[in-house]
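Below: one structure in structure tokens.
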Amino acid sequence: MLDLLITNAALADGRTSMTIAVQNGKITDVTKGPIAGAKATETVDAGGYLLSPPFVDPHFHMDATLSYGLPRVNESGTLLEGIALWGELKPLLRAEAIIERALTYCDWAVAKGLLAIRTHVDTSDASLLAVDALLEVRKQVAPYIDLQLVAFPQDGVLRSKGGIENLKRALDKGVDAVGGIPHFERTMTEGAASVRLLCEIAAERGKLVDMHCDESDDPMSRHIETLAFEAQRLGLQGRVSGSHCTSMHSMENYYVSKLLPLIAESGVSVIANPLINITLQGRHDTYPKRRGMTRVPELMAAGVTVAFGHDCAMDPWYSLGQADMLEVAHMGLHVAQMTSQEGMRACFDAVTIHAARVMHLPRYGIAAGCDASFVLLQARDAIDAIRLRPNRLKVWRKGRLLASAPATLPTLHLPGRPAAVNFEP
Ligand code: FE2
């Protein structure tokens, strides 16, 4: 007797009428049509809707989330005012409040089928208050969310006093990955030195790397080149990510033609953050204003793993957000003009399988042997999911139901026409 049988599901790769068998939190079988003789404690008819592995957010700032308005709002909406505002907020932070806000965000995430999040945590402050708070959150949410922490020296690891020591202490406490912010160091040379140093720390300690890299409109900001070079030099292929990389949008095409193969060869993945890139970049432009997101389709065509992150939600940098990775994919699709069928599917992959690859999530996917973690969406396929950003009908993790919502469709009462019940857009 199986624990769970999901019938008549569509999958993101285009297969339909699929049956998924679950036993002891794992997928035991994925078959087209019924599985002969299969009996389960619970059977769920997916009704032809899309069953996806859970959404994955590979880039977030959980120590700042839901702090919108504390102690004031970001009036200009710029990255630099956001960083300054975060500096004002930091002395006011209390561990209990960070934990409470982070747990609330994790509840939002589960309701949206988002079950794995990589969050950066600011290590600039010697107290490591935010680190301790998010380590506690990681422990508390472990039964329902895979939370991965990146030691993030927001004020610059070389620029701020004690930056390296604080980051190392955060790693000692159990933070999962090494972060950085080379473009925020005082000079390009210092930025490159910080990349080298941080990659060496990661190599010594066997940690993953995820650096905020070139988050500006400066075409000469080229720390992604150093990051890729260091990943190769230190044998960190497949373990390093460059986040944002927005300067690539403004770089000269010839240089990019040399850079893309280097990134691909070094096995560095790239994480774009469409909601934030489109609002924070191009702020020094008059018109035309640059979009500022990195070169997503070109990176993908070069064989680079590209994922999309949410980055911020209701914090000093971004006043909106609801933990909905389909909103992120929707924005990414538009900003990158990825409107082909293949491009739209790649945007769905950027918030699911590509993001899972970036985070090195084990047993992720819908195949025998994977964890029985899924989200059932009220949409017929991956493209429809981005178009509609629909209800998450059911969210399971390792076979356990974590969230559910009714399928809802409106009824239209148009003059001169019979009522249209269950009107499907
Ligand atoms: Fe970020």
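Is there a residue being buried (at least 19 other Cβ atoms within 10 Å of the Cβ), within 16 Å of the ligand (Cβ to nearest atom) and hydroxyl-bearing (Ser, Thr, Tyr) anywhere in the range 348-355?
There is no residue in the range 348-355 that is buried (at least 19 other Cβ atoms within 10 Å of the Cβ), within 16 Å of the ligand (Cβ to nearest atom) and hydroxyl-bearing (Ser, Thr, Tyr).
Can you tell me which residue within the range 60-84, out of those that are in contact with a helix residue (DSSP H, G or I) (Cβ under 9 Å, 6 or more places away or on another chain) and not in a loop (DSSP other than H, G, I, E, B), is surrounded by the fewest Cβ atoms within 10 Å (Cβ to Cβ)?
ILE83
Okay, residues lined up against (1) within 16 Å of the ligand (Cβ to nearest atom); (2) on the phi > 0 side of the Ramachandran plot:
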position: ALA151; (1), (2): yes, no
position: ILE181; (1), (2): yes, no
position: GLY206; (1), (2): no, yes
position: GLU230; (1), (2): no, no
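Next up: Pick out the one residue from PHE55, PHE60 that is within 16 Å of the ligand (Cβ to nearest atom), under 28 Å from LEU361 (Cβ atoms) and modelled with pLDDT of 95 or more.
Selected residue: PHE60, the only one of PHE55, PHE60 that is within 16 Å of the ligand (Cβ to nearest atom), under 28 Å from LEU361 (Cβ atoms) and modelled with pLDDT of 95 or more.
Here is a follow-up. Does the range 250-265 include one or more residues that are in a loop (DSSP other than H, G, I, E, B) and in contact with a Cys (Cβ under 9 Å, 6 or more places away or on another chain)?
Going through the range 250-265, the residues in a loop (DSSP other than H, G, I, E, B) turn out to be 250-252.
Filter again for in contact with a Cys (Cβ under 9 Å, 6 or more places away or on another chain), leaving none.
No, the conditions are met nowhere in the range 250-265.
When both residues are 6+ apart or on different chains and their Cβ atoms are under 7 Å apart, which pairs have a first residue that lies in the range 260-276 and is under 14 Å from ALA356 (Cα atoms) and modelled with pLDDT of 95 or more, and a second that is away from the ligand (no atom under 16 Å from the Cβ) and assigned to a loop (DSSP other than H, G, I, E, B)?
SER269/VAL304; SER269/THR305; VAL270/VAL304
Is it true that ALA102 is within 16 Å of the ligand (Cβ to nearest atom), in contact with a helix residue (DSSP H, G or I) (Cβ under 7 Å, 6 or more places away or on another chain) and of a type outside the set (Asp, Glu)?
It is true that ALA102 is within 16 Å of the ligand (Cβ to nearest atom), in contact with a helix residue (DSSP H, G or I) (Cβ under 7 Å, 6 or more places away or on another chain) and of a type outside the set (Asp, Glu).
Identify, from the list ARG101, ARG118, the residue that is under 20 Å from the mean Cα position of the chain (by Cα), without any contact (Cβ under 8 Å) to a residue 40 or more places away in the chain and either on the phi > 0 side of the Ramachandran plot or surrounded by 17 or more Cβ atoms within 10 Å (Cβ to Cβ) (or both).
The unique qualifying residue is ARG101.
The values are calculated or read from the model by the stated rules, or taken from the named source; none is laboratory data. On a predicted model such as this, the values are computed, not experimentally measured, just so you know. Please note: Cβ atoms are built from the backbone with ideal geometry, for glycine as well, and neighbour counts cover all protein chains shown.
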